[in-house]
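Peer 1: Below are the structure tokens for one structure; questions will follow.
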Amino acid sequence: MTEIEIVAGERRWEAHIHDTPATRDFLAQLPLELTLKDFGGTEKIADLPRALTRKGAPEAITPRAGDIAFYAPWGNLAIFYRDGHQSPGLIALGRIEGEPASFASEGPMKVTVRRVAASSSD
């Protein structure tokens, strides 16, 4: 699994990203500067520069708090801070470590999404 970090000012979250065709497309777009906006009191969303492949993805998933996903019909990234409902076209990308409820802040949230540098061990 690949690790990424999401940074908003002094706040920082780490996430584990799965190894799938869609996540490889996502990782190829990093680093990203995004403005996450609240959607439905359940998730933060932001448009990605380009769509991710749906190759090998299930038709639908039911997201849980902490999931990072791509919603193919709209072309946006979604970070769930509450459990969602089964959604056709939603593709799981990974999971936030720690408490996802911290994404439930009021208003838009400017973030940087980037890979975590791999550490080398001797």
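Peer 1: Which residue out of Ala118, Ala78, Ala46, Ala104 is at pLDDT below 95 and touching a Lys or Arg at 6+ places or on another chain (Cβ under 8 Å)?
Peer 2: After applying the criteria, what remains is Ala104.
Peer 1: Collect the residues in segment 48-65 that are under 21 Å from Thr112 (Cβ atoms) and surrounded by 21 or more Cβ atoms within 10 Å (Cβ to Cβ), keeping them in residue-number order.
Peer 2: Hit for segment 48-65 is Leu52, nothing else.
Peer 1: Of these, Val116, Val111, which one is surrounded by 20 or more Cβ atoms within 10 Å (Cβ to Cβ) and among the hydrophobic types (A, V, I, L, M, F, W, C)?
Peer 2: Step by step, each of Val116, Val111 is checked, and only Val111 is surrounded by 20 or more Cβ atoms within 10 Å (Cβ to Cβ) and among the hydrophobic types (A, V, I, L, M, F, W, C).
Peer 1: Out of (1) β-branched (Val, Ile, Thr); (2) open to solvent by 20 Å² or more (accessible area, probe 1.4 Å); (3) more than 18 Å from Glu106 (Cβ to Cβ), the odd one out for Ile68 is which?
Peer 2: (2)
Peer 1: Further, regarding this structure: Could you check segment 75-103 and list, in sequence order, the residues that are out of contact with any strand residue (DSSP E or B) (no Cβ under 8 Å at 6 or more places or on another chain) and either open to solvent by less than 10 Å² (accessible area, probe 1.4 Å) or touching a residue at least 12 places away in the same chain (Cβ under 8 Å) (or both)?
Peer 2: Asp83, His85, Ala101
Peer 1: Can I ask one more? Taking segment 10-36, which residues are without any contact (Cβ under 8 Å) to a residue 60 or more places away in the chain and farther than 28 Å from Glu59 by Cβ?
Peer 2: Passing the criteria: Glu10, Arg12.
Peer 1: If Gly84 satisfies every condition in (1) assigned to a loop (DSSP other than H, G, I, E, B); (2) closer than 17 Å to Glu5 by Cα but one, which is the exception?
Peer 2: Failed condition: (2).
Peer 1: Here's another thing I want to ask about it. Could you tell me which residue of segment 11-47 is surrounded by the most Cβ atoms within 10 Å (Cβ to Cβ), considering only residues that are farther than 13 Å from Ile79 by Cα and touching a Leu at 6+ places or on another chain (Cβ under 6 Å)?
Peer 2: Phe26
Peer 1: Filter segment 71-85 for residues that are under 24 Å from Glu99 (Cα atoms) and touching a Gly at 6+ places or on another chain (Cβ under 9 Å) and give the result.
Peer 2: Within segment 71-85, Tyr71, Ala78, Ile79, Phe80, Tyr81, Arg82, Gly84 meet the criteria.
The values are calculated or read from the model by the stated rules, or taken from the named source; none is laboratory data. The model shown is predicted, which means the values in this text are computed figures rather than measured ones. Virtual Cβ from ideal backbone geometry, glycine too; neighbours counted across all protein chains shown. For accessibility, only protein heavy atoms count, side chains too; no ligands or nucleic acids. Shrake-Rupley method; radii C 1.70, N 1.55, O 1.52, S 1.80 Å.
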